[in-house]
Amino acid sequence: MNIELLLAALGLFAVFFPTVAAGSIITAWVIGMPMPEIWVQRIVRTTFSLVLTACLILSGLVISGLQVSNEVMLTHWLVAPSYAIDARLVFDLPGVAMMTLIALLCGIIGAFSTNYLHKDPGFYRFFVLLMLFATGMMAVAVGDTLDIVFAGWEVVGLTSALLIAYFTYREAPVRHGLRAFAVYRVCDVALLSAAVLLHHYAGDVSLAHAPKLAPEPGLLIALLLVFASLGKGAAFPFTGWLPRAMEGPTPSSAIFYGALSIHAGPYLLLRSSPYFVEQPIARAAIICIGVITAIHATFVGRVQTDIKTSLGYAAVTQAAVIMIEIGLGWTTLATLHIFGHAILRTAQLLRAPSVLHDWHELRARLGGPPPKLLNLWERTLPAKVRQWAYRISLERWFIDDLGGSLLFASLLKVLHGVNQLDERLMNAIAGPSSPLDEQHTKGES
Amino acid sequence: MSVAVDFDLVLITIFGLLLMALTTLVLKIRGRYIGTFAGSFTLLMGVATLFLHPEVIAKSPLYLDAASLPRMAVAGIMLFCVFMVLPRRQETARTSAALIALTAIHIALAAAPDGKLASILWVLGAVMTALVLPRGPARRLAIPYLAFSAITGVVGLAISGPWQSVLILLSVISRLGIFPFHTWVVGAYSLAPLGVSVALVAPMAAISLVAHNPLELDHQFGLVVAMVLAGGSLLYAALAVVQKNFTRGLGFLTVSIETSVLLGVLEGDDIGHLGGLIMWGMTGLALLGLGLVSAGLVSRRGEFRIDDYSGLLDRAPVFATLFLLFGLAAVGAPGTADYVSEDLVLHGDMAHHPALLILFISSVSAQGYAVLHIFYRLFFGPPKPFFFRDALRRERFALVGLAWMLIFAGLLPQFLLNGWLRAGDRPDMPHVRQHGDEEPRAPGLNHGH
C-alpha cells in the first residue's frame, strides 16, 4: 500500500472519527431515541481507543521515515477560478506526537468522566463537546494550512466556551464562559487576518514552509500570529479568563486548561516558528509577553486559596515559559515541555476534587502534618515589598478592574447611549401604539 | 423537452407564484398549504433551471446569471420553511398571499433585464413590504424608509453618471436597513410579528440591485464607504449585545450580518464577488433559520429579556440546538456553508486593504460573540417556572432539514460553488475582473438586452 495513502487515511480517521461519533449521539437524540449512558460510555471508549491506535501507527510510520514527504494532500477542498483551498495535513514528529497526546488525554478524560458525570443532566452534552473538541485539536495539531488550523481553532474555542458554561443553571459559569469566548474572538480576528494576508502576499498558507515575504508584511503576519496565540494561551494581558474558566466540570478543566487548550497558543507559535526566523521584533514580543505572563501568573497563583485556580495559574506560568522557549528558538525543548506539562497538569487537575482526602491520608500516614519544604525566594524580600506584592497579586494586578471598569464600562456607556437615541428615533417615527395597533401587532404570545 | 419551454421556466415560476398569491387571497386558502406548495414548486423549478445548459438559459428574456439564477432555489427553500414554521396566527390569507407575491417580485427583480423593469419591481417590492407589515407602529416606522429607498432607487436607475451608483447604494442600504438606516428593520423585529418580519428581511432581496455588477464608485470613496459599512456592522453587533429585549437584539444582529453580506456582494474582484453571491444565499438561509427558531420561541411566550437569563435549555433543547447552529452558520462558523463564502469574500478585494480586512473580520467576530451572548441569555441560567413547548414536528422537519443542508454545503462546498459557477457561465457575460486584474467590470444594469 502507498505509504502516503495510509498516512492520509489514518490522519483523516483520527481527525474526523470523534466528530462522527458525536454525530451518532446527536442523531439518536434528534430522532427522539437518546442513547442510554452505557452506550455513550462504550462509544467514547471505543472512539478514543481506535483514534489512539491510529495515532500510534501514524507515529510509528513517521518515526520509521518510510514516507517521501510529511505533507499529505487529502483533497482540493474548494477550487474556484484563480483560488483554491487545499485540505492538507502535515505529519511531522511534533504533529503526530501531539495527535497521540490528544487521543490519549481525551481518552483518559472520557473514561474518567463517564463515572464522574454519571446521571448528570448534561452528560450527553459533555461527551459531544469533548469529541468535537478532539476533532478541533487534531486539526490544529496536523493542519498544514492556516485555513484548516483556523477551523480547528474555532471549534476548540466554541467547545471551550460551552463547557465552561456546563452548569447552565448557575449564572457565574455562564458569565465566565462568555468572557472566555470574548477573549477568543478578539484573538481569532488576528489568526484569520494572518491567514488572509498570507494568502494574499504569498499565495500559500502552509505553516511548515514559510514563504519569502517582504519585511513589512512578514512582520505584520508574524505579529498577528503572536496576538492570535495570546487568547488560548491565556497570556498577558488575557490571563483573567482562565481561572474563571475553572467553573466548568473538573474533567473539562483538566483537558482544556491544564492539558490541551492552554497549549494551543504556544503550539500555534511552535508550528508557525518558520515565520519568526527572520522577524526579531516578533520573537522579542513573544519573549517579553512570556516573561510578563510568567511573573504575573506566578505572583497571582501564589495567593490563590482554591486548588483549581492555583493550578490554573500554574498552567499559565508554564505556558508562558514555553512561549519564552519558542521565542528563543528552542523548539524541541518547547515541544517536550508541552508534553510533560500537559500530562502532569491533567493528573493534578483530575486529583483536585480529592485533594483534601489525599491530604488527610498523607497526614494520617505521616502521623502529623507534613514538614514545610517550601523555601520561596520572595520570603527574602523586605516585609513591605512582600506586603505590597501580596496586595496587588490578590487583585490580580488590577488587570480585570482596568479592563472592566475603564474599557468595557466606557464602551457599554456609549453603546447604551446610542441605543437610547435609536429608541427615541423609533418612537418618534412610529408614534404611540393605539389599541387597534395592539390588536394587529400582537399576533403572538 | 423543447428549448422554448426551457426558456420560460423562470417566467413560469414567477407567474405561477403570482397566480397562487391571487388564489390564496380570493379563496382564503390556509397559508401553510399554499405556501409550502409554492415553496416546493419554486425550489423544483429553481433546481431544474440550474441544471439546464447555460447557453439555453442565456437566451431567456430575463437576465439569468450567478446572481439571479440560484435565487430561485434559495427563494423556494425559504418560502417552504417560512410556511412550515410560521405560527398559525400569523399565516393569514392576506399575509400569505403577500409573502408569495413578494417572492415572485424578488425572483423577477434579481433577473430584471433592464433598468425600467427593475424600477417598477423595486417600487412594487417596497409597497408589498409595507403591506405585509401589520398596520400600526411597525408599518408607520417602515414607510419613510421604504419610500426613501423607492425614490432613490428609481432616480438612480433612471440617471447615469457618478450619482447613479451613489443613489443605488443609498437605495439598497435603506431597504436592507443597513447603517444608518437600521431603525425600520430593528423596529419590524420588535414591533411586528417576528415570523413575518424574518420572512421579509432574511432573503435580503434588495441586494439584487447591485448583485450583477459592482457600483462605479471612485476608488477612495468606495473604500471609505466600505469602511463605514464595516464599522456600522461592528457597531450593530455590539448593540445587539446591550439590548434588553430579545427581538431588538436579534434585529441588530441581523442588520449587522446583512452588512457583511452586502460588503461581499459589492466586491469588484471575481472571487470576492462570487463569495458574496454565495454568502447572499447561504447567510440568508441561516438568518431565516435563526429568525424562524426565534419566532417559534416568541410565539410561545412573547418577548424575552436578554438582560436576564431565561433558562430555556431544559424545556426546549431542540430549539436551543437549532438556534446555536443557525446562529453560528450565519456568522460563518467552520463546517457550515457560510464559512466557505466568507473565505472567498475575504480573499477578494478586501485582502488588498488590511485595515478594511481587519475591520470586516472584527465585525464578523463580534457577530459570533453576539450570537453566543443571546444564546446564553435565552437558554442558560436558572430555569423559570413556566410551561414551554419545544419544537413541533413540522418545525423540526423544516428546520432540521435546513440545518443539515447548511452543514452538508459547508463540508462539501464544491457542489455549492459549482452550482453558482454553472449559473454564471454565460456566453455573453460581461467581462469579469480576475483576481488582481485592474480592469473594472461593466457598470449598471445594462446587460445588452
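Here are a few things to note about the model shown:
- log10 of Debye I(q)/I(0), alpha-carbon scatterers only, for the range A:81-184 at 0.12, 0.15, 0.20 Å⁻¹: -0.49, -0.72, -1.05
- q = 0.12, 0.21 Å⁻¹, the range B:289-416: log10 I(q)/I(0) [Debye, one scatterer per Cα]: -0.53, -1.17
- Those lysines that a straight Cα-Cα span of less than 24 Å connects to residue A:308, excepting residues fewer than 8 apart in one chain: A:119, A:232, A:372
- Three semi-axes describe the equivalent ellipsoid of the range A:265-325; taken as square roots of 5 times the Cα gyration tensor eigenvalues and ordered largest first, they are 27, 12, 5 Å.
- When chain A is treated as a Gaussian network with alpha carbon springs shorter than 10 Å, the biggest mean-square fluctuation among A:416, A:176, A:296 belongs to A:416.
- Semi-axis lengths (Å, descending) of the ellipsoid that matches the C-alpha gyration tensor of the range A:352-436: 58, 24, 7
- The mean sequence distance of close C-alpha pairs (under 8 Å, at least 6 residues apart), as a share of the length of chain A, puts its relative contact order at 12 percent.
- Distance from the range A:386-421 to the range A:338-379 (C-alpha centre basis), Å: 34
- Put a plus charge on the Cβ of each Lys and Arg, a minus charge on the Cβ of each Asp and Glu, and nothing anywhere else: the dipole of the range A:169-322 about its Cα centre is then about 300 debye.
- Column: log10 I(q)/I(0), Debye, Cα scatterers of chain B, q = 0.07 Å⁻¹: -0.30
- Think of each Lys and Arg Cβ as +1 and each Asp and Glu Cβ as -1; about the Cα centre, that makes the dipole of the protein assembly as shown roughly 3280 debye.
- Helices that extend 24 Å or more along their long axis by alpha-carbon positions and average at least -1.0 on the Kyte-Doolittle scale are, among the DSSP H runs of chain B, B:9-27, B:31-51, B:69-85, B:93-110, B:115-132, B:137-158, B:219-241, B:246-265, B:270-301, B:354-379, B:393-411.
- Over chain A - Rg/Rh using Cα atoms and the Kirkwood inverse-distance radius: 1.02
- Value of Rg/Rh across the range A:1-97 [Cα atoms, Kirkwood radius]: 1.09
- Using θ = phi - 60° in the Karplus curve 6.51 cos²θ - 1.76 cosθ + 1.60, the 3J(HN,Hα) couplings for the range A:34-44 round to x, 6, x, 4, 5, 5, 4, 4, 5, 4, 4 Hz; x is entered for Gly and Pro.
- Per-residue HN-Hα couplings for the range A:115-121 [Karplus 6.51, -1.76, 1.60; θ = phi - 60°; Hz; x = Gly/Pro]: 7, 4, 9, 3, 6, 6, x
- Three principal axis extents of the range A:285-415 based on alpha-carbon atoms, in descending order, are 61, 39, 35 Å.
- Residues whose amide H lies under 5 Å from that of residue A:88, counting only those 5 or more places away or on a different chain, are A:74, A:144, A:145; hydrogens are built 1.01 Å from N in the peptide plane.
- Taking B:360, B:221, B:148 in turn, the Gaussian network model of chain B (Cα-Cα springs below 10 Å) assigns the largest fluctuation to B:221.
- Magnitude of the charge dipole for chain A, about its Cα centre and with charges confined to Cβ atoms of Lys, Arg (+1) and Asp, Glu (-1), is about 1560 debye.
- Kirkwood hydrodynamic radius (C-alpha pairs) into Stokes-Einstein, the range B:132-182, 37 °C and 0.692 mPa s, D in µm²/s: 290
- A convex hull fitted around the alpha carbon atoms of the range B:182-314 yields 107 Å³ per residue.
- Charge-dipole axis of chain B as Lys and Arg at +1 and Asp and Glu at -1 on Cβ define it, positive-most pick from B:76, B:189, B:345: B:189
- Projecting the Cα atoms of B:319, A:281, A:197 onto the charge dipole of the protein assembly as shown, computed from C-beta unit charges around the Cα centre, puts B:319 farthest toward the positive end.
- Rh (Kirkwood; distinct C-alpha pairs) - the protein assembly as shown, Å: 28.6
Laboratory data are not the source of any read-out in this text; all were calculated from the coordinates shown. Computed from a predicted structure; not experimentally measured. Reconstructed Cβ throughout: ideal geometry from the backbone, glycine too, with neighbour counts over all protein chains shown.
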